[in-house]
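The values are calculated or read from the model by the stated rules, or taken from the named source; none is laboratory data. All figures in this text were calculated on a predicted structure; none of them were measured in a lab. All Cβ positions, glycine included, derive from the backbone under ideal geometry; neighbour counts span all protein chains shown. Just so you know, the surface numbers come from the protein's heavy atoms only, side chains and all, with ligands and any DNA or RNA stripped out. Shrake-Rupley method; radii C 1.70, N 1.55, O 1.52, S 1.80 Å.
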Amino acid sequence: MGSEEQTILVTGGAGFIGSHTVVQLLKEGFRVHIIDNLDNSVIEAVERVKELVGPQLSKKLRFHLGDLRNKDDLEKLFSQSRFDAVIHFAGLKAVGESVAYPRRYFDNNLVGTINLYEIMAKYNCKKMVFSSSATVYGQPEKIPCVEDFQLVALNPYGRTKLFLEEIARDIQKAEPDWRIILLRYFNPVGAHESGKIGEDPKGIPNNLMPYIQQVAVGRLPELNVYGHDYPTKDGTAIRDYIHVMDLADGHIAALRKLFMTDNIGCKAYNLGTGQGSSVLEMVAAFEKASGKKIPIKLCPRRPGDATVVYASTEKAEKELGWKAKYGIEEMCRDQWKWASTNPWGYQSKP
Ligand code: UD1
């Protein structure tokens, strides 16, 4: 159990991965403060987290509306509370948007994170779990992706993740009392098994599973399958989909590792299952879980997409003692529970 005294700041805690991680943190006995600007999330997600964990644990959760780009918001937060560690999710993550508006990405992801390091150093809070992404492997030449592969960025979003990994390594090298874990997520999907919280993207979803979900509930007519001539078993691209609750537990494992290991330095870990699934396999699994037919349209490849990406899970298993428990059946089951009970996400039908 987390110590009564341990208080974790979760940036972006109202978002998809953040909200699921907050549930697990509270269940593990940590006190949690969220800072979120609600740019791509809603306060209702935090209300649902409270419902889910119940009134007792909810007392250990505090929400602060604030923006990491605004140093006054950070100063106010850190001057009022002492944090034992920070889990830093806040940031933008749409590849296409990052190509069109790179300054938005540099401002939110880079400036926000640099401000966060400044305030953490000032208040001597030097333990950080950072949301990186498998995007730093680019289009990998070899698979599975191993943490010591050379890193590349293929777009401004990916560049922010790559730069932020480098920034973390530089800071830790110069100031060895920092303990930093960089978690490289593969493809987070699914939802909390209660169906109370889940992913709720604004506008048309960019990612596969939220798109399939919206087809299943009738918000979108059909799924465009991008690429059916890849050299894979069924011609569609392969990814490592991971249940968001497994991902949340990966953060708890990382946090415990930080608290336990004086000289951890700055380390990167993949959070994936090590299993690849094709687009058509995901469609079939979702059809089975939902009992709904997902009409598809075969389309040309999406520019920049890799053929096969999946994780080597060895390092996380060995060093964090963490391993994903769920397969694509559970991912689809839980995502359908969320979708079928909340077809319009956190809002009622517009
Ligand atoms: C994408 C991002 C990645 C980011 C991750 C966040 C790109 C190139 N990469 O990963 O940087 O970290 O999201 O979760 O955008 N697909 C369809 N139809 C759709 C949507 C997707 O066929 O409507 C296919 C894609 O071509 C791909 C697979 O589904 O083969 C998964 O796509 P997606 O969910 O967007 O994830 P990634 O591209 O792997």
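Between the Cα long axis of helix 71-80 and the first principal axis of the chain there is an angle of about 60°, rounded to the nearest 10. Taking a Cβ cut-off of under 15 Å around Leu77, the surrounding Lys, Arg, Asp and Glu residues balance to a net charge of 0, with basic ones at +1 and acidic ones at -1.
Accessible surface for Phe163 stands near 90 Å², nearest 10, in the context of the full protein assembly shown (1.4 Å probe).
Pairs of Cα atoms nearer than 8 Å and 6+ residues apart set the relative contact order; for region 1-132 it is 27 percent.
Computed from point charges on the beta carbon alone (+1 for Lys and Arg, -1 for Asp and Glu), the dipole magnitude for region 204-350 about its Cα centre is near 320 Debye. Modelled spin-label separation between Glu28 and Asp229, with each label point placed 7 Å from Cα along the Cα-to-Cβ direction: 4.7 nm. Label point 7 Å out from Val99 along Cα-to-Cβ: which residues of region 225-254 have amide N under 17 Å? Only 225-227 fall inside the zone, counting backbone N under 17 Å. So if we plug the beta-carbon distance of Glu287 and Lys349 into 1/(1 + (r/R0)^6) with R0 = 25 Å, what FRET efficiency do we get, rounded to 0.05? With a Förster radius of 25 Å, E is 0.60.
Could you check how much of the accessible area of the chain is carbon and sulfur, as a whole percent, using a 1.4 Å probe? Don't skip to the answer; put the middle values down first.
Numbers: 7670 of 15520 Å².
Within the chain, the accessible surface is 49 percent carbon and sulfur.
Largest GNM mean-square fluctuation across His20, His64, His251, computed for the chain with C-alpha springs under 10 Å, falls on His64.
Dividing the summed -39500 (n - 2.57) terms of all DSSP H runs of n ≥ 4 by the residue count of the chain sets its mean residue ellipticity at 222 nm at -11500 deg cm²/dmol. Here region 227-271 is scanned for amide nitrogen atoms under 16 Å from the site 7 Å beyond the Cα of Glu319 along Cα-to-Cβ, giving 250-271.
Taking 23 Å as the limit for the C-alpha separation, the pairs Lys27/Lys59; Lys233/Lys288; Lys173/Lys325; Lys173/Lys257 exceed it in the case of Lys173/Lys325.
Express the accessible area of region 1-118 per residue in Å², computed with a 1.4 Å probe while the remaining protein chains stay in the model. All intermediate terms of the calculation are to be shown ahead of the outcome.
Details: 5240 Å² over 118 residues.
With the other protein chains kept in place, region 1-118 gives 44 Å² per residue.
The angle separating the long axis of helix 244-260 from the principal Cα axis of greatest extent in the chain is about 30 degrees. Considering all different alpha carbon pairs of the chain, the Kirkwood hydrodynamic radius works out to 20.5 Å. What the phi angles of region 341-349 give under the Karplus curve with 6.51, -1.76 and 1.60, with θ = phi - 60°, is a coupling list of 8, 9, x, 10, x, 7, 9, 7, 3 Hz, glycine and proline written as x. For region 215-282, the fraction of C-alpha pairs farther apart than 18 angstrom is 60 percent. Note on the chain: dipole from Cβ charges, positive end direction compared against Cys125, Tyr310, Ser277; the farthest Cα belongs to Ser277.
For the chain, the longest principal axis of the C-alpha atoms and the axis of helix 279-290 are separated by about 90°.
Residues in region 160-175 carry Karplus couplings, in order, of 5, 5, 5, 4, 5, 5, 5, 4, 4, 5, 5, 4, 5, 5, 6, 10 Hz; the curve used is 6.51 cos²θ - 1.76 cosθ + 1.60 with θ = phi - 60°, and Gly or Pro positions show x.
Report, in cubic angstrom per residue, the convex hull volume of the C-alpha atoms of region 248-302.
Working: hull volume 6.9 nm³, N = 55.
Per residue, the Cα convex hull of region 248-302 comes to 126 Å³.
Per-residue SASA remark: Ser133, around 20 Å² accessible (1.4 Å probe; ligands, DNA and RNA not included).
In the chain, the DSSP beta bridges split such that about 5 percent are antiparallel, to the nearest 5. Simple point charges give the picture: +1 on the Cβ of Lys and Arg, -1 on the Cβ of Asp and Glu, and for the chain a dipole about the Cα centre of about 360 debye. Please report how far the C-alpha centroid of region 12-54 lies from that of region 209-260, rounded to the nearest whole angstrom. Cα centres, region 12-54 to region 209-260: 21 Å.
Positive contributions from Lys and Arg (+1) and negative ones from Asp and Glu (-1), summed over other residues with Cβ under 12 Å from the Cβ of Gly66, come out at -2. Each residue of region 177-194 was assigned a 3J(HN,Hα) from its phi angle through the Karplus curve 6.51 cos²θ - 1.76 cosθ + 1.60 (θ = phi - 60°); the sequence is 7, 6, 10, 10, 10, 9, 9, 9, 7, 8, 10, x, 9, x, 6, 4, 4, 6 Hz, with glycine and proline shown as x.
Comparing mean-square fluctuations of Tyr101, Tyr326, Tyr185 from a GNM of the chain with C-alpha springs under 10 Å, the top value falls on Tyr101.
Over region 195-350, accessible surface divided per residue gives 45 Å², non-protein components excluded, 1.4 Å probe.
Annotation: amide H of Tyr185 within the under-5 Å range of Ser132, Ser133, Ala134, Leu271, sequence separation 5 or more or interchain, hydrogens built in the peptide plane.
Residues of region 313-334 falling in the label zone of Met260, defined by backbone nitrogen less than 20 Å from a point 7 Å along Cα to beta-carbon, are 313-325. Dipole magnitude for region 101-157: about 240 debye, using +1 per Lys or Arg Cβ and -1 per Asp or Glu Cβ, origin at the Cα centre.
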